[in-house]
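Asks: Please find one structure pasted underneath; my questions will follow.
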Amino acid sequence: MLSRIDLRGRTLGTAELRRTLPRGAADVDSVIDTVRPVVEAVREHGPTAALDYGEKFDGVRPGSVRVPADVIARAAEELDKDTRDALVEAIRRARIVHSAQKRTDTVTEVAPGGFVTERWVPVERVGLYVPGGKAVYPSSVIMNVVPAQVAGVGSLVVSSPPQADFDGWPHPTILAACSLLGVDEVWAVGGAQAVALMAYGGQDPEGAEVEPVDIVTGPGNVYVTAAKRLCRSVVGIDSEAGPTEIAVLADESADPVHVAYDLISQAEHDPNAASVLVTDSQTFADAVDREIEARYEVTLNADRVREALEGPQSAIVLVDGIETGLKVVDAYAAEHLEVQTRNSAADAARVRNAGAIFVGAYSPVPLGDYAAGSNHVLPTSGTARHSSGLSVQTFLRGIHVVDYDQAALKEIAPTVIALADAERLPAHGEAVRARFEDLTAGEEQ
């Protein structure tokens, strides 16, 4: 089912590899003109405009922007035991991992009496977007909320699309996940209008204030991504996420059935999802392709899977050896990278570019999607070369606190003055000299 890219016998540089490898990408530019009026309307008219667009796009208008507390409580009460237990365990593991990411203030004495402290301060209020289109994503509630809570964020709002099947409120499983996490502010707003409302806030139809946020995080479709781009001068954003992607680096020691299912699992997210196998064995490549063909139709989302796997963003890439394969996956910089080779751990340790790395046969991507403890909001479209996934650090700001006494400043003053003069900004130097010299004496004479 997957197309083939044969790199055997070829030596390609990074630039050519990036042009040659398949890539799924959201064409954000193509929808900017569609999304801009939505953002502008919400900026001008606040929650009323957001509800209007929700009614237009989602086919339902909730009774209010904010989901009532009793609706959230009822969703938690009615959640089936297996799902509740699974969410509780996923939350527990996520808290373990993210708690280990917390930073402490660092105090450095640069010179006697001269101190610089890096102080870590959480963002005051954050907006966490949870999609609600092709699937239900309580796992995304966990992945957004847990690191924000661990960071010490004071105020959280989760926004998710209204559902016609549930009286205009977000899906009950989303609400139940919020309840389990102690989140009591949930908005029944989705799409671009949700991002805009989180950015600008406003007054709801009853006159209550809907507070804006300082940063918006969470995955979404191309319209959500476009709204993030348009609002990023007003609020911070985590990333402009594209369609999900998986790359698997494997040799013939891997199980073709395992790899086939792993490629299928990401393809079921979206017709534009990318599934890429990099291998040095044509025999193994053929086996994986056969297993995919034989198994994908039994999945619930078979049509979506087939479209994704047959799309130009998915392929099998043949290489001369694992050494070359490592260069290929580094150039690709996958959101999710599985390494299933004879020396999985050693090979995985050499990878520099990936959103998350899954080592060996028993660390498949779905484990990370739900319950490994890691975060599944990850950089896509090759941005793993320079960006990280969602973490506690996403919600922290580093502030440098400078505390020099008189002697420490006097000791470094000549350096400051010399650099200020070199940059033709003499007032900078004078601001230092004024603390030790009477700069008005000459003027009075």
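Asks: Tally up the residues in segment 378-409 that are in contact with a strand residue (DSSP E or B) (Cβ under 7 Å, 6 or more places away or on another chain) and either under 25 Å from Thr104 (Cβ atoms) or assigned by TED's automatic domain parsing to the domain that holds Ser275 (or both), please.
Replies: So the count comes out to 14.
Asks: Can I ask one more? Looking only at segment 265-283, filter to residues that are assigned to a helix (DSSP H, G or I) and touching a helix residue (DSSP H, G or I) at 6+ places or on another chain (Cβ under 6 Å); which one of those is surrounded by the fewest Cβ atoms within 10 Å (Cβ to Cβ)?
Replies: Result: Ser265.
Asks: Further question: Evaluate the following for Leu79: is it of a type outside the set (Phe, Trp, Tyr), modelled with pLDDT of 95 or more, in a loop (DSSP other than H, G, I, E, B) and under 17 Å from Leu181 (Cβ atoms)?
Replies: Answer is yes for this residue.
Asks: Answer yes or no: is there a residue in segment 193-207 that is at positive phi, outside any loop (DSSP other than H, G, I, E, B) and among the small types (Gly, Ala, Ser).
Replies: Scanning segment 193-207 turns up at least one residue that is at positive phi, outside any loop (DSSP other than H, G, I, E, B) and among the small types (Gly, Ala, Ser).
Asks: Continuing with the same structure: Where the second residue is not in a helix (DSSP H, G or I) and the first is closer than 18 Å to Tyr200 by Cα and lies in segment 17-46, which pairs have Cβ atoms under 7 Å and are six or more apart or on separate chains?
Replies: Correct list of pairs: Gly46/Gly201; Gly46/Gly202; Gly46/Gln203; Gly46/Val210.
Asks: Quick test of your reading of the structure: Gly9 fulfils all but one of (1) surrounded by 14 or more Cβ atoms within 10 Å (Cβ to Cβ); (2) over 17 Å from Pro243 (Cα atoms). Name the failing condition by number.
Replies: (1)
Asks: Ok, one more. Restricting to segment 198-207, and then to whatever is over 19 Å from Ala241 (Cα atoms) and touching a residue at least 24 places away in the same chain (Cβ under 8 Å), can you tell me which residue is farthest from the chain's Cα centre (by Cα)?
Replies: Glu206
Asks: Do we have any residue at all in segment 228-250 that's among the polar types (S, T, N, Q) and farther than 29 Å from Ala348 by Cα?
Replies: There is at least one residue in segment 228-250 that is among the polar types (S, T, N, Q) and farther than 29 Å from Ala348 by Cα.
Asks: Right, another one. Please work out if Val97 is in contact (Cβ under 8 Å) with a residue 40 or more places away in the chain, among the hydrophobic types (A, V, I, L, M, F, W, C) and touching a strand residue (DSSP E or B) at 6+ places or on another chain (Cβ under 6 Å).
Replies: In short, no.
Asks: Would you check if Val35 is in contact with a helix residue (DSSP H, G or I) (Cβ under 6 Å, 6 or more places away or on another chain) and in a helix (DSSP H, G or I)?
Replies: yes
Asks: Mind listing whichever residues of segment 227-255 are in a loop (DSSP other than H, G, I, E, B), crowded, with 18+ Cβ neighbours inside 10 Å and charged (D, E, K, R)?
Replies: Listed by number, the residues that qualify are Asp238, Glu240, Asp251.
Per-residue answers, yes or no, for (1) at negative phi; (2) under 25 Å from the mean Cα position of the chain (by Cα); (3) modelled with pLDDT of 95 or more:
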residue: Ser281; (1), (2), (3): yes, no, yes
residue: Asn301; (1), (2), (3): yes, yes, no
residue: Lys327; (1), (2), (3): yes, yes, yes
residue: Ala333; (1), (2), (3): no, yes, yes
residue: His336; (1), (2), (3): yes, yes, yes
residue: Asn343; (1), (2), (3): yes, no, yes
residue: Asp347; (1), (2), (3): yes, no, yes
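Asks: Among the residues in segment 156-165, are any surrounded by fewer than 24 Cβ atoms within 10 Å (Cβ to Cβ) and in a helix (DSSP H, G or I)?
Replies: Yes, segment 156-165 has at least one match.
Asks: Please verify whether segment 315-335 includes one or more residues that are surrounded by 19 or more Cβ atoms within 10 Å (Cβ to Cβ), aromatic (Phe, Trp, Tyr) and farther than 27 Å from Gly389 by Cβ.
Replies: No; the residues of segment 315-335 include none that is surrounded by 19 or more Cβ atoms within 10 Å (Cβ to Cβ), aromatic (Phe, Trp, Tyr) and farther than 27 Å from Gly389 by Cβ.
Asks: Quick one: in segment 12-35, of everything that is surrounded by 15 or more Cβ atoms within 10 Å (Cβ to Cβ) and among the charged types (D, E, K, R), which residue is nearest to Asp286 (Cα to Cα)?
Replies: Taking the candidates together, the pick is Arg23.
Asks: Touching a strand residue (DSSP E or B) at 6+ places or on another chain (Cβ under 8 Å) and free of Cβ contacts under 8 Å to residues at least 40 places away in the same chain: does that describe Leu367?
Replies: Answer is yes for this residue.
Asks: Still on this structure, please answer the following. Residues in segment 33-76 that are aliphatic (A, V, I, L, M) and either more than 14 Å from Val195 (Cα to Cα) or not assigned by TED's automatic domain parsing to the domain that holds Asp165 (or both): how many?
Replies: The number of residues fulfilling the criteria is 8.
Asks: Here is a follow-up. Restricting segment 341-368 to residues that are in a loop (DSSP other than H, G, I, E, B) and of a type in the set (A, V, I, L, M), which is nearest to Asp255 (Cα to Cα)?
Replies: Among them, the one singled out is Ala361.
The values are calculated or read from the model by the stated rules, or taken from the named source; none is laboratory data. It should be emphasised that the depicted structure is a prediction, and the values quoted were computed from it without experimental measurement. No Cβ is skipped: glycine too gets one built from the backbone with ideal geometry, and neighbour counts run over all protein chains shown.
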